[in-house]
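Nothing in this text is a laboratory measurement; each read-out follows from the coordinates by a stated rule. This is a predicted model, so every value here is computed, not measured. All Cβ positions, glycine included, derive from the backbone under ideal geometry; neighbour counts span all protein chains shown.
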Amino acid sequence: MAAREWFAYYAQHFDTVELNNSFYRLPKAGAWQLWDEEAPRGFTFAVKASRYITHTRRLTGGAGPNERLLSGARRLGEHLGPILYQLPPRFKCDDETFERLAAFLELLPRDLHHVFEFRDASWFTEPVFALLERAGAHFCAFDMPGLECPLRATAGLLYFRFHGTGRRYGGDYPDAELHRWATRLTALSAGAEEAFVYFNNDIGGFAPRNAATLAEMLGAERAAHSSRGARQGVFPVLALEVFRAAGSHTLKHRSAPLKEKCEPFVLSVPDTQSPAQRSVR
């Protein structure tokens, strides 16, 4: 399959992608425009905020850096989904950083979904969840070996990332483990207006199959809830996260299952990154 056909192939099975290019450097205007033009109707891009905002400035520096990111992302038009702010490990919550987050939240435009992934357990507290709720922002829950994260959704949106089983950024999720997650995500999504679930792609190519399997399980959970008269909820966007030359991407499950072991693909972009840039997560 030619590289130019990869995105169309993805879109046959999934209908969202998490763009990681923007974490390393801002895409050019032409890249945003190309993604908008190539995306089919109903396709959603989640956009990962620049590491300059989250890792270098650590939520300081005013509105300028984020405004530059969002002005580009808005070129995606109706295809623009959540903005993900992945905070670095060892960035702990204390009185000063809590207020820093509060000040940053005040700068964010309310017409977009802003999602925060904290990589330090000190942020997993009720005051932080309440702060996000008041700001209309969203908590990113995740599954990651070595760091237990609460399964929470704030401000009506469920955003969940699978970062690997057995080891970080790798491994094949067994069906039994996916079934447990399907049950938990179904219960949580009943209180959400929108829900997104993403899989970190692995070198073994297990993520597409895991995403397809979980999508089928979520469908079965939904049918079971419906037969019992329970609120069905909004079911997650099943996705893959791909780390390659074009950055990481995440795809939402459509209908056709991907049962076979799949090699990772990427969404083609006009500009590339160095191997050093690709190593940061």
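A few notes on this one:
- Each Cα pair under 8 Å and six or more residues apart adds its sequence gap; the mean of these over the residue count of the stretch 68-204 is a relative contact order of 18 percent.
- Charge dipole of the stretch 1-151 about the Cα centre (unit charges at C-beta), most positive-ward option of Cys149, Phe91, Ala2: Ala2
- Separation of the Tyr9 and Lys28 label points, Cα + 7 Å toward Cβ, nm: 2.6 nm
- Spatial separation of Cα centroids for the stretch 1-71 and the stretch 94-120, in angstrom: 20 Å
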